[in-house]
Amino acid sequence: MREKDKIFIFDTTMRDGEQSPGASMSLEEKIQIARVFEELGIDIIEAGFPIASPGDFEAVKAISKILKNSIPAGLCRANKKDIDACHEALKAAPRFRIHTFISTSALHMKHKLNKSPEQVLDAIKESVTYARNFTDDVEWSCEDGTRTDMDYMCKTVEMAINCGAKTINIPDTVGYTVPSEFTKIITNLKNKVPNIDKAILSVHCHNDLGLAVANSLAGIEAGARQVECTINGIGERAGNAALEEIVMSIKTRNDLMPYRTGIKTELLSKASKIVSSATFPVQFNKAIVGKNAFAHEAGIHQDGMLKNRETYEIMTPESVGVKKTSLVMGKHSGRHAFKDKLSDLGYLDVTDDVIQVAFGKFKILADKKKHVYDDDIVALVDDSMIREKNVINLKSLKVFAGTGEPQKADMTLDVYGEIKQTLETGDGPVDAIFKCIKVLYPHDVKLLLYQVHAVTEGTDAQATVSVRIEEKGKTTVGQAADTDTLVASANAYLNALNKMIIKRNKSAPMEQENRKMRGI
Ligand code: KIV
Ligand code: ZN
């Protein structure tokens, strides 16, 4: 039997995914994510756009140093400065990919680039040739590919391959195409570009019409052998094609799509969790990784499931790493058992400090809560890892809520090592809490989102709170979990604020921030 064609999985969660509002990740988060992605079996990890910011540069550099099996990639525009920065960031890796792009649609060439089609062809020639000086693994993308004139696209692709590009990526940059049209585009390239067999064709679809995964699969069926995607489908605007959906579609419908990927699907849930804890929560009904993806509520469905799982289940929860919510240790469990549990849950590189803090919280939780589940442990470890880097921390909180009286919060914070306390009233307890934070650490941010989710079932469940804030066009997301929703709210806001401080300090040195705090 002929071996099934391999589909290369190119993940762009840390580049295109990070371009979604509120999805910025810290260096530490990106390193952790890269480790999980490598374990997951991703072939190429696009770690950032090195010229875009010092933070992106450092992340690509750090990730290039740790990857052993996955190939790190960096994005760059079609000019030498971008390509040099990309090479500089990637060069520590034994193998790396330079991904260079330029727009090819009439609309983009005229209004965005102010270049003629001939000038764009020249830029392709120069950029791909230049990038090949550093590596023979060069990928070229025609931005706004799906709105590009077909004959012109064929010329650009032929040129890029002639200059040495080994992967040709066709982006549906604005999420405009539909499966039947995308099939034609890929088929035309296969039939009309004379040197097309010297490169791998790739697809990169955005989700503006909710068709990113369908379009990607259409592209694969028409001959693409690389697919660009993101975990949880995060990305610009409505997002990118979701990696987990593409991979599980191929696996589940292998009768119709007889391809293989190198993804260990049992790790999809873990990858989803690590990305969502660094960015934002996954919607409950999200395919494959949403909380409800394997939940069966209706009696008739539950009855069918008990008789035969296949009645309503097209893939098993275990195949994507969703374990049945399991009861874990109780309040008498020791530190050793807790550590073992963490490694079972996939936390392999957690520092002793984080374990110490998480174990302390676990003991408190086990005292308060009847059942402690795996998801509870995950929530509190993630919470401790986020908090490890914070410069502003919650010390204590008392809230006075209920009818009649105005709601009040009495808060003590550790602000850069200084203990500060205040009592504020607000329009509701959460408002009073956020006011306290503003008084203790004066700042001017806009609250864009405040969301509460229960981690597990029951009124004693921990709540995960997500907060998104904005300052001068930059957004950050903070998350925190606690059995007390108000404590989780304070910590989530503080996490978002701490991340904002890190972002600010990337442009203004830390010292400046410290001085501001000391009032110098
Ligand atoms: O959507 C897009 O066009 C891109 C390219 C830079 C590959 O992200
Ligand atoms: Zn994109």
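Some points to look at:
- If the condition is being in a helix (DSSP H, G or I) and farther than 14 Å from A488 by Cα, then the range 433-444 contributes K435, C436, K438, V439, L440.
- Of all residues in the range 457-489 being in a strand (DSSP E or B) and of a type in the set (G, A, S), the one that is surrounded by the fewest Cβ atoms within 10 Å (Cβ to Cβ): A463
- Per the listing I200, I185, I231, I196, the residue uniquely away from ligand 2 (no atom under 15 Å from the Cβ), over 18 Å from T148 (Cβ atoms) and of a type in the set (A, V, I, L, M, F, W, C) is I200.
- The lone criterion from (1) crowded, with 19+ Cβ neighbours inside 10 Å; (2) of a type outside the set (V, I, T); (3) over 21 Å from Y259 (Cα atoms) left unmet by L211 is number (3).
- Residue check for E38: buried (at least 24 other Cβ atoms within 10 Å of the Cβ), of a type in the set (D, E) and either modelled with pLDDT under 95 or more than 13 Å from ligand 1 (Cβ to nearest atom) (or both): no
- V465 touching a residue at least 24 places away in the same chain (Cβ under 8 Å) and more than 18 Å from I502 (Cα to Cα): yes
- Boolean, N232 is surrounded by 23 or more Cβ atoms within 10 Å (Cβ to Cβ) and more than 14 Å from ligand 1 (Cβ to nearest atom): yes
- Looking only at residues of the range 4-19 that are surrounded by fewer than 21 Cβ atoms within 10 Å (Cβ to Cβ) and within 16 Å of ligand 1 (Cβ to nearest atom), we find that the one that is farthest from G233 (Cα to Cα) is F8.
Conditions tested, residue by residue: (1) buried (at least 19 other Cβ atoms within 10 Å of the Cβ); (2) charged (D, E, K, R).
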{"position": "G48", "(1), (2)": "yes, no"}
{"position": "K65", "(1), (2)": "no, yes"}
{"position": "D82", "(1), (2)": "yes, yes"}
{"position": "C86", "(1), (2)": "yes, no"}
{"position": "A93", "(1), (2)": "yes, no"}
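- Selected residue (only one of D151, D144, D172 is over 24 Å from the mean Cα position of the chain (by Cα) and either of a type in the set (D, E, K, R) or within 16 Å of ligand 2 (Cβ to nearest atom) (or both)): D151
- Here is the figure for the range 94-117: residues that are over 24 Å from D84 (Cα atoms) and in contact (Cβ under 8 Å) with a residue 40 or more places away in the chain total 3.
- Only residues that are over 27 Å from R237 (Cα atoms) and either within 16 Å of ligand 1 (Cβ to nearest atom) or basic (K, R) (or both) were counted across the range 158-182, and they come to 3.
- Candidate set from the range 183-199 (those that are of a type in the set (A, V, I, L, M) and away from ligand 1 (no atom under 15 Å from the Cβ)); member that is surrounded by the fewest Cβ atoms within 10 Å (Cβ to Cβ): I196
The values are calculated or read from the model by the stated rules, or taken from the named source; none is laboratory data. Note that the coordinates shown come from a computational prediction; the quantities given were computed from them, not determined experimentally. As a convention, Cβ positions derive from the backbone with ideal geometry for all residues, glycine included, and neighbour counts pool all protein chains shown.
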